[in-house]
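The values are calculated or read from the model by the stated rules, or taken from the named source; none is laboratory data. What you are looking at is a predicted structure, and each value in this text was computed from that prediction instead of being measured. When we count neighbours, we look across all protein chains shown, and the Cβ atoms used for this are built from the backbone with ideal geometry, even at glycine.
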Amino acid sequence: MKQLHIFRPKQLSISIIGLFILASCSSDDEPEYPVFMQPASIMTTDATGDNQTFEYDDYGRIISWNCASNNSNSTASYSAHYSYPDENTIKVTSEELILGRHYAFEETIQLKNGRASQSEGTFILSAEANAQMRKTYRLIFNYLPSNHLNTVEHLEVTGIGDDIKDNAWDNAWRWTNYLVWENGNLKEFQDCQGNAAPYQTTKYEYSDEKVAYPVIIPAVINSAHHLPLYMQRVFGLTSVNLVTSASSFDRNDNLYLSQQYSYELEEDRISKYTQTFQTNSTFSNPITYTVIWTEK
């Protein structure tokens, strides 16, 4: 696991780290929870791929998301549940099981003008049924006038509830991640991972094609359970074109992961996409995913 901060452990499966799923494209400021043609599942028969399922309420809002490797010896699985106590609040509970370690999250996200403005959550890391880490975190989301997420401010303290020391937030661990946009597309994500300077930078390239629902988007908020919310524009707009590649660099500007994507379209919707990745000098076999869409 990355030793720097609680989010997005280093052992996330290759198809999840750096890129993820789906977002609706629109130019207005209000999120529109679409009730037609959202993904019900994204599946592959490849043993190295990941299978995802989605459930929605009658308003089209995500209420459940699950992701697990197709490999019977899976090293990672993710599960999240969402509730909406009022129009300006989203509550999330999620679990991640990665290499024998269990991560449990609870988070309350506050909305302003339909977008996430800030959140507060808790995180417990356990191994062999013993809690090894308990933390509370806060996130502050800032946007460009174009309604694109620009920065995510992170604050983190040790403990939960009464376990938090007095004045802990005055001395909280703080850092900011940055997003760089160009022509409506995210071109660069600078992930500081608890440091003052970027610890990992991912750069993106795009095709000229556009679809109503691109099923690959960058993962830029560092917790897996945020991703289905990003697809519904809770964190602002996503890129307008289909991403074709993502290249990740370490803090010394060394390339360590490259991902490429190609697509099959049916009636302006992605029916299949293929992912290939390279780590150091090793290339993966192409992994093909099939997207099943809801009918309601």
In the stretch 144-158, how many are of a type in the set (S, T, Y), more than 17 Å from the chain's Cα centre (by Cα) and assigned to a strand (DSSP E or B)?
1
Top-ranked residue in the stretch 230-269 [being β-branched (V, I, T) and under 17 Å from the mean Cα position of the chain (by Cα); ranked as surrounded by the most Cβ atoms within 10 Å (Cβ to Cβ)]:
T238
Close pairs (7 angstrom Cβ cut-off, 6 or more residues apart or separate chains): without any contact (Cβ under 8 Å) to a residue 40 or more places away in the chain in the stretch 132-149, surrounded by 14 or more Cβ atoms within 10 Å (Cβ to Cβ) and not in a strand (DSSP E or B) anywhere
R134/I160; T136/I160; T136/I164
Kindly indicate whether D162 is over 22 Å from the mean Cα position of the chain (by Cα) and acidic (D, E).
yes
For the stretch 104-133, which residues satisfy the criterion of being in a strand (DSSP E or B), charged (D, E, K, R) and surrounded by fewer than 17 Cβ atoms within 10 Å (Cβ to Cβ)?
E106, K112, E120
Would you mention how many residues in the stretch 135-191 are among the small types (G, A, S), surrounded by 14 or more Cβ atoms within 10 Å (Cβ to Cβ) and on the phi > 0 side of the Ramachandran plot?
1
Could you go through the stretch 160-173 and let me know if any residue there is assigned to a strand (DSSP E or B), touching a residue at least 12 places away in the same chain (Cβ under 8 Å) and not aliphatic (A, V, I, L, M).
yes
Kindly list the number of the only condition in (1) at pLDDT 95 or above; (2) closer than 29 Å to F54 by Cβ; (3) touching a Gly at 6+ places or on another chain (Cβ under 8 Å); (4) not basic (K, R) that fails for W175.
(2)
Give D268, D250 a once-over and let me know the one that is within 30 Å of H102 (Cβ to Cβ), among the acidic types (D, E) and either in contact with a Phe, Trp or Tyr (Cβ under 7 Å, 6 or more places away or on another chain) or touching a residue at least 24 places away in the same chain (Cβ under 8 Å) (or both).
D250
Residues being aliphatic (A, V, I, L, M), out of contact with any Ser or Thr (no Cβ under 8 Å at 6 or more places or on another chain) and loosely packed, with under 15 Cβ neighbours inside 10 Å: count how many of those fall in the stretch 54-103.
0
Scan the stretch 54-73 and give yes if some residue there is out of contact with any strand residue (DSSP E or B) (no Cβ under 8 Å at 6 or more places or on another chain) and assigned to a strand (DSSP E or B), otherwise no.
no
Inside the stretch 79-102, the number of residues satisfying the requirement of being at pLDDT 95 or above and within 17 Å of the chain's Cα centre (by Cα) is 10
Residues to consider are P218, P198, P228; find the one that is touching a strand residue (DSSP E or B) at 6+ places or on another chain (Cβ under 9 Å), under 29 Å from A116 (Cβ atoms) and without any contact (Cβ under 8 Å) to a residue 60 or more places away in the chain.
P198
With the requirement that a residue be at pLDDT 95 or above and among the acidic types (D, E), what does the stretch 27-56 give you?
E55
For I221, work out the one condition from (1) of a type in the set (V, I, T); (2) at pLDDT below 90; (3) surrounded by fewer than 21 Cβ atoms within 10 Å (Cβ to Cβ) it doesn't fulfil.
(3)
